[in-house]
Structures are given as structure tokens and as C-alpha cells.
1. What do you get for trypsin sites (Lys or Arg not before Pro) in the chain restricted to DSSP loop and a cutoff of at most 15 other Cβ within 10 Å of the site's Cβ?
2. Amide H to amide H under 5 Å from Tyr37: which residues, 5+ apart in sequence or cross-chain, H placed 1.01 Å off N in plane?
3. Please state the charge dipole magnitude for the chain, taken about the Cα centre, from unit charges on C-beta atoms (+1 on K and R, -1 on D and E), reported in debye and rounded to the nearest 20.
4. Show me the chymotrypsin sites (Phe, Trp or Tyr not before Pro) within the chain that DSSP assigns to loop and that have at most 12 other Cβ atoms within 10 Å of their Cβ.
5. Name the residue farthest towards the positive end of the dipole of the chain from the options Phe57, Val84, Pro24, assuming +1 on Cβ of Lys and Arg, -1 on Cβ of Asp and Glu, about the Cα centre.
6. Figure the gain on full extension for Lys67 and Asp41 (residue separation times 0.36 nm, minus the Cα-Cα span) and round it to one decimal in nm.
7. Give the label of the value calculated from the structure for Cα extents along the principal axes in Å, choosing from [x] 60, 24, 23; [y] 85, 27, 20; [z] 127, 13, 6.
8. Got the relative contact order for the chain handy, in percent, Cα pairs under 8 Å and 6 or more residues apart?
Amino acid sequence: MEAQTVKTKRLPDTFGIRFGLLSPKIAKQIKEQGLKYNGDDVEEFERMRDAIFTLGFGGLIIDSQEKKLWIKLYNKILRHVGKVNKCNIKPL
């Protein structure tokens, strides 16, 4: 029996999410890049983004911890978008 190969596309190399206070909602950023997403999951990512800001501004975490949290959140979003769009991903 011959093995079947499944074709998957690559997520664009230009994929990115901005996390600044004045950045658009994560859902809008994903949509503007022409990609699909699950609304419930992205709302959870928004809550996580707000929580990181709260911890940072409240002085409860140091800069290096905050940076690690941003990377973790980005990778979580990246995995989600890759799965929904059936794309290969390269986490940070």
C-alpha cells in the first residue's frame, strides 16, 4: 500500500501580531492578514493580552518575565492560526 502525503501550506513569513496598547484587536489583525480563526479562542487571547498588561503595569512581573509571556502568547496564537488554516508553523 502506498503512503499518502498530505499537502499543507505554510503560514506567510510576514505573519505577525502587534500587542501594544493601541494595537487593533487580535481578531482584526488575523483577519487583515487573510487568515481564519476561531472567535472564542481569540477572545481568550485578548483576555490573556489584557492580563499581561495588568501584571506588567502593576509591577507584579519584571520586564524579562513580561517578554517571555508575550512570546508564549504569540506562539499560542500562531499554533491556533496554523491549525485553523491547516498551515505549517515555526514557533518562536
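1. Sites meeting the loop and neighbour criteria: Lys7, Arg18, Lys25, Lys36, Lys86.
2. Here nothing satisfies the definition.
3. Computed about the Cα centre, the dipole is about 320 debye.
4. none
5. Checked the options; the winner is Val84.
6. Contour length minus the Cα-Cα distance gives 7.2 nm.
7. It is the value labelled [x].
8. Here the relative contact order equals 36 percent.
The values are calculated or read from the model by the stated rules, or taken from the named source; none is laboratory data. A quick note: this is a predicted structure, and the numbers were derived from the prediction, not measured. Note that we place each Cβ from the backbone using ideal geometry, even for glycine, and neighbour counts take in every protein chain shown. Note: accessible area is taken over every heavy atom of the protein model, side chains too, but ligands, DNA and RNA are not part of it. Shrake-Rupley method; radii C 1.70, N 1.55, O 1.52, S 1.80 Å.
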